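Asks: This is the structure I have questions about; it appears just below.
No lab work stands behind these numbers, since they all come straight from the coordinates. Predicted model, so just to flag it, every value in this text is computed and none were measured. Methodologically, a virtual Cβ is constructed for each residue, glycine included, from the backbone with ideal geometry; neighbour enumeration extends over all protein chains shown.
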Amino acid sequence: MELIATPDAAVVWKDNQLFLLDQRLLPETEVFIQLSSSRETAQAITDMVVRGAPAIGVTAAYGVVLAAREAFLMDARQWKQTIEPLLDDLALARPTAINLHWALARMKQLIVQLPDGDPENALIKEAQLIHSQDIESNVCLSDIAADLMQGCGSVITHCNAGALATGGYGTALGVIKSAFRDGKVDHVYADETRPWFQGSRLTAWELEKSGIPCTVMVDSVAATLMAQSKVSWVIVGSDRIAANGDVANKIGTYSLIVNAKFHGVKVMVAAPSSTIAMNTATGADIPIELRGSDEVMKCGGKQVGVRGVDVLNPVFDVTPAALIDVIVTEKGAIFHPSEEKIKALMLS
Ligand code: MRU
């Protein structure tokens with residue numbers, strides 16, 4: 001089936017099949033691949049075909065549908081047992097993005113309640129609801145965030161927290177889209193984001209297709225730009241927000257925010273409430289994914305670093321809550337986040 005790549009849809013459920021826009025190949029090649037089993041889906045998440053915390057969550061929800069299809073075919077009476085190792089595989093696909101576990105927990109809760117018989121339709125409905133609610137949350141939080149921005153200026157974003165990283169619209173890039181529409185942002189500086197280049201490949205692709213002026217820079221330019229008073233906000237997404245407001249996001253976010261604080265640039269973290277993990281007490285409790293050395297020592301498949309040398313490749317870092325001016329979710333904005341404020345937001 002031919003699907004056209006748009007910056008609105010990285011995860012597509014069509015004719016009862018799951019399709020993912022292969023983000024490893026963007027921007028040069030725009031191609032969807034079909035996933036025919038939950039194991040293939042878990043592997044696609046690990047391999048970065050799809051990435052970005054909310055998009056991983058939405059994909060995993062559809063992966064549960066595929067798992068249930070396989071388990072029910074194998075044994076219509078015992079499918080709730082047969083599905084368990086398949087769900088474990090999905091849970092292990094990537095460790096930091098809490099949306100993955102959040103979406104799986106929602107699907108599992110439904111599985112427990114389902115009567116005997118084919119579960120597929122009920123599970124498809126729930127996965128589609130997770131998907132559409134993610135888009136609604138992103139639009140809502142983006143409008144809340146745009147409202148609280150003053151004047152008009154340039155912003156820096158890191159990694160890709162756009163439609164590609166979510167069910168649609170985006171978190172940090174969603175804020176930028178709404179703020180650009182409202183005349184609050186006129187230019188975006190996109191960190192290239194080593195080593196996967198989510199900034200130069202994905203954020204620039206989305207911004208260009210949305211008609212938003214964008215400049216790509218290597219990550220280390222940010223401090224110089226801030227020293228020249230060229231940016232008013234740093235706006236980023238998150239893979240997991242701990243109960244005390246500490247924020248895990250793409251490696252390099254922490255140093256970007258330390259630089260922002262030094263230069264008096266305001267810092268916004270935009271995320272749906274599904275990214276807030278109330279059972280993760282602090283940033284120190286967030287598991288940080290370590291990936292292979294080739295991601296650093298090779299570029300576009302070509303060896304660029306010294307073969308055999310030791311490589312450190314943590315792909316996320318944690319920014320302490322104290323450095324963040326505002327976290328914006330669909331439930332509202334929290335200035336100077338703290339445990340009490342996050343708890344109150346989640347209960348609202
Ligand atoms: O390794 P990735 O590309 O999955 O990392 C993605 C990020 O760090 C995003 O900023 C985060 O998931 C928020 S996406 C709305």
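Asks: As an exercise, find the ratio Rg/Rh for region 4-72 from alpha-carbon atoms, using the Kirkwood inverse-distance average for Rh.
Replies: 0.95
Asks: Let me ask another. Which order, highest average first, do 284-296, 333-345, 87-99 follow once you tally other Cβ atoms within 10 Å for each residue and take the mean per peptide?
Replies: Order by mean packing, descending: 87-99, 333-345, 284-296.
Asks: Based only on other Cβ atoms within 10 Å, what is the fewest-to-most ordering of Tyr254, Tyr169?
Replies: Tyr254, Tyr169
Asks: To the nearest whole percent, what portion of all C-alpha pairs in region 234-348 is separated by more than 21 angstrom?
Replies: 42 percent
Asks: Quick one: which of Lys125/Lys331; Lys184/Lys230; Lys230/Lys261; Lys261/Lys341; Lys14/Lys125; Lys177/Lys209 span more than 19 angstrom between C-alpha atoms?
Replies: Over 19 Å apart, Cα to Cα: Lys125/Lys331; Lys261/Lys341.
Asks: Mind sorting Thr203, Thr29, Thr41 by how few other Cβ atoms lie within 10 Å of their own Cβ, fewest first?
Replies: Least crowded to most crowded, the residues run Thr29, Thr41, Thr203.
Asks: Can you tell me the equivalent ellipsoid semi-axes for region 1-160? Use √(5λ) from the Cα gyration tensor, largest first, whole Å.
Replies: 30, 18, 14
Asks: Additional query: Within 10 Å of each residue's Cβ, count the other Cβ atoms and sort Met226, Met48 from fewest upward.
Replies: Going from sparsest to densest Cβ surroundings: Met48, Met226.
Asks: Additional query: Over the Cα atoms of region 42-135, Rg to Rh with Kirkwood Rh, two decimal places?
Replies: Rg divided by Rh gives 0.96.
Asks: Here is a further query. Can you check what the Kirkwood hydrodynamic radius comes to for the chain, Cα pairs only, in Å to one decimal?
Replies: 20.4 Å
Asks: Now for a separate question. Region 130-204: percent of C-alpha pairs farther apart than 15 Å?
Replies: Pairs farther apart than 15 Å: 52 percent.
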